[in-house]
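What follows is a short report on a single structure.
The values are calculated or read from the model by the stated rules, or taken from the named source; none is laboratory data. These figures come from a predicted structure and were not determined experimentally. Cβ placement follows ideal geometry from the backbone for every residue including glycine, while neighbour counts extend to all protein chains displayed.
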């Protein structure tokens, strides 16, 4: 263990903005993924690591409002961006409509894919307020779930869609 | 007490923590001074380690220690299930032999996960490679010594003579591939030593199994090991038994003198937590012209590892699903340089039903009998193998209700006779069955001074809803609203409960919670005087709460009744005739599974099981390179689990079934019956759509072109 070991190079300290807070990332290797930094350095375990190569969607977060798999984004690349994780969606104790709908519809089982799905559904409904059945299923096909068989998740998404639609109509 | 919570769609008790990302899974556990371990695995399927050079890894930044067979203490073997809790008897890092590609050879521990992973890549292993058996077809068949205490072979009547005399005969071979559970949370353990005491946070279906296995292999007293597992990110059998990485985490933590977290990678999940063995199943049916079965011979070949035996009884379903006087079942094993297989959702039945229920469909086509009518004709009034009466059996209602909901009577008989645009449409169906299991379990129910109720049991919630259903049971026993009840589970410090497998948790732990609640009630009554409030009772007796204890064990019903869940699956597929692509477009599953504690959580669990079966049918297969003995593309692209776009709306229905014999709550268990028969229903629908009988799973475009 030496300070000048070839593998010890390239570490730096930088700042990220996560869920509206400035966070110091100290002496980090520049190759660390955003997922690794969120989980291992910033104490934000909501985004999950289930494949580490962008296949399962469990690590979904927003970077400047864009839905990404945080395992495939370098944390250092998010320096000037606003990162929002599942922990940053709810306003205090009040759940978002998507979170509440997952709870009401019974769209949760083991829950490991749930944070990523909740983030992805926010993204879908913010971009497209009135998605059809197939659009919903396509949009969240990047989020694998092994427990629920997706049925109640679809019900949860459609409930939020209908509820938002009713609210926006005069 | 009239149930008001049980049987109602109560919201999940743990949903809030899961939708906000605050539920703490094993992979999320953080302890002061936590170090990280990364496992290094073999890259040859068999041979000896000539050299394992860890010098570069030991010098790498942040590294705290490296374990290999060169410096790992001697570990005791732990028997495999059901004699013991291990998934693999052979302990890790004990000698220089390699038995399969992907076997744990070393563990690197460092201050950060990143440093550990970096250093793990620097471990240099040289092998003396030997000749490997890498496929089921390449090895010799051996009879297994037993299958969970049952004989591998059995014969009733005279199947050979009945086959020879049969008016209609069918003889076909079906195959299923290696399948992996792939729960979203990988296998993970956090180990922390405090002097001679060990605490393990583990993603497991069996906290007390982990405690017992680790204590045994390390030569410790079981009361020196505590295992904690409040949330499990899915399991499906992969975490039912205790696998070597768990003890590696404990050894690593002791080696470096710090708490250690060990999380398997997705690639490592292909060789570290077992898998569903591939099968080759030869099925011979004899029947009368009207479809009445006269003989079934079900011969199964499966694989196990070269160093130990595991076999799930895929053929047993053929003994008990239908009335048939002459039935032979045979199981054989081939030793392959692969990990030891294990249980996976409905072990045995899930694959056995593919062969049996496909063959029934072939018999229906051959004898010109409708597939539902054929099954009704062969309905077993009593359990056919032992001759016991059913405790309850709603299979006929399942067929009837499913056929109505699906619109089965509109099915045209001929294959390729239904179309939607340019797509071929096919309708298929299959039966489902799974045994009712339960084991001894204990629970406590505490009535706190403020009137809140706390239920505790050392069982597990794998995502199945145990937190919620046990709260419902206690609420009804005490006559209080569910909002006043909470549950604490997944800890060996709590009253002992069995492993969460075999769909047995609700049937085992539910009655214990029920009796603990009643015990708490009677204790309060014994302490009470006329006109007392609960607070006054506690004050007068100088106590802070009253707690009841419940112990439940399987009753004597098992010797008098045959107890199984049943179901019927109806599938519609559309097949693209030019591309060979199969899309599931409609599905209906109907189940007779005793009392359903919570229709909201149960419905979702059944849909999940049906989608697991859809994966079996259409997408899931682990491919091993024959030459290398290595899994090809060990990731979630190489192993395709169904995505949301693959899955249509699925109709699930429960038959209202009251079984007074299974247990005090009338619960049969639901997790596994959902997947049984699904692959056959879909394969039968593909046959109806295309006229092609696909006997090898999964049914990919290549198989249809």
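Data for the structure
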read-out: Residue in the stretch B:39-56 that is under 24 Å from the mean Cα position of the chain (by Cα), within 14 Å of chain A (Cβ to nearest Cβ) and modelled with pLDDT of 95 or more present; value: no
read-out: Residue ranges of strands (runs of 3 or more DSSP E) in the stretch B:87-190 with at least 2 members touching a helix residue (DSSP H, G or I) at 6+ places or on another chain (Cβ under 7 Å) and not assigned by TED's automatic domain parsing to the domain that holds residue B:264; value: B:168-176
read-out: Conditions (1) more than 14 Å from chain A (Cβ to nearest Cβ); (2) modelled with pLDDT of 95 or more; (3) surrounded by 15 or more Cβ atoms within 10 Å (Cβ to Cβ): number failed by residue B:603; value: (1)
read-out: Single match in B:540, B:560 (criterion: in contact (Cβ under 8 Å) with a residue 24 or more places away in the chain and exposed (fewer than 15 other Cβ atoms within 10 Å of the Cβ)); value: B:560
read-out: Filtered residue count, the stretch B:196-210, keeping only those that are buried (at least 24 other Cβ atoms within 10 Å of the Cβ) and more than 14 Å from chain A (Cβ to nearest Cβ); value: 6
read-out: Residues located in the stretch B:579-605, provided they are out of contact with any helix residue (DSSP H, G or I) (no Cβ under 8 Å at 6 or more places or on another chain) and within 26 Å of residue B:700 (Cβ to Cβ); value: B:585
read-out: Subset of the stretch B:58-72 [over 36 Å from the mean Cα position of the chain (by Cα) and buried (at least 20 other Cβ atoms within 10 Å of the Cβ)]; value: B:60, B:61, B:62, B:63, B:64
read-out: Enumeration of residues in the stretch B:261-279 that are within 14 Å of chain A (Cβ to nearest Cβ), touching a helix residue (DSSP H, G or I) at 6+ places or on another chain (Cβ under 7 Å) and not in a strand (DSSP E or B); value: B:264
read-out: Identity of the residue in the stretch A:78-107, at pLDDT 95 or above and closer than 19 Å to residue A:30 by Cα, that ends up surrounded by the most Cβ atoms within 10 Å (Cβ to Cβ); value: A:83
read-out: Strands (runs of 3 or more DSSP E) wholly inside the stretch A:1-101 that include at least 1 residues being within 11 Å of chain B (Cβ to nearest Cβ); value: A:11-18, A:21-29, A:60-63
read-out: Matching residues, the stretch B:592-646, being free of Cβ contacts under 8 Å to residues at least 12 places away in the same chain and either outside any helix (DSSP H, G or I) or farther than 25 Å from residue A:142 by Cβ (or both); value: B:632, B:633, B:637, B:643
read-out: Filter result for residue B:30 (more than 10 Å from chain A (Cβ to nearest Cβ) and either assigned to a loop (DSSP other than H, G, I, E, B) or touching a helix residue (DSSP H, G or I) at 6+ places or on another chain (Cβ under 8 Å) (or both)); value: no
read-out: Candidates B:258, B:226, B:282, filtered to the one that is under 28 Å from residue B:461 (Cβ atoms) and either at pLDDT below 95 or more than 14 Å from chain A (Cβ to nearest Cβ) (or both); value: B:226
read-out: Of all residues in the stretch A:147-170 being surrounded by fewer than 17 Cβ atoms within 10 Å (Cβ to Cβ) and in a helix (DSSP H, G or I), the one that is nearest to the other protein chains (Cβ to nearest Cβ); value: A:158
read-out: Check on residue A:144, out of contact with any strand residue (DSSP E or B) (no Cβ under 7 Å at 6 or more places or on another chain) and not in a loop (DSSP other than H, G, I, E, B); value: no
read-out: Residue list for the stretch B:430-441, filter: surrounded by fewer than 24 Cβ atoms within 10 Å (Cβ to Cβ) and more than 19 Å from the chain's Cα centre (by Cα); value: B:440
read-out: Restricting the stretch A:103-137 to residues that are assigned to a loop (DSSP other than H, G, I, E, B) and more than 8 Å from chain B (Cβ to nearest Cβ), the residue that is nearest to residue B:607 (Cα to Cα); value: A:132
read-out: Residue within the stretch B:166-180 that is touching a strand residue (DSSP E or B) at 6+ places or on another chain (Cβ under 7 Å), within 14 Å of chain A (Cβ to nearest Cβ) and closer than 30 Å to residue B:500 by Cβ present; value: yes
read-out: Entirely in the stretch B:419-530, the strands (runs of 3 or more DSSP E) that have 2 or more residues that are in the same structural domain as residue B:667 (by TED's automatic domain parsing) and more than 29 Å from residue B:565 (Cα to Cα); value: B:423-435
read-out: Test: residue in the stretch B:3-13 that is surrounded by 15 or more Cβ atoms within 10 Å (Cβ to Cβ) and closer than 29 Å to residue B:267 by Cβ; value: no
read-out: Residue in the stretch A:116-134 that is touching a helix residue (DSSP H, G or I) at 6+ places or on another chain (Cβ under 6 Å), within 16 Å of residue A:18 (Cα to Cα), outside the structural domain of residue A:17 (by TED's automatic domain parsing) and at pLDDT 95 or above present; value: yes
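Condition check ((1) crowded, with 24+ Cβ neighbours inside 10 Å; (2) free of Cβ contacts under 8 Å to residues at least 12 places away in the same chain) across all residues:
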{"site": "B:161", "(1), (2)": "no, no"}
{"site": "B:173", "(1), (2)": "no, no"}
{"site": "B:179", "(1), (2)": "yes, no"}
{"site": "B:184", "(1), (2)": "yes, no"}
{"site": "B:189", "(1), (2)": "yes, no"}
{"site": "B:194", "(1), (2)": "no, yes"}
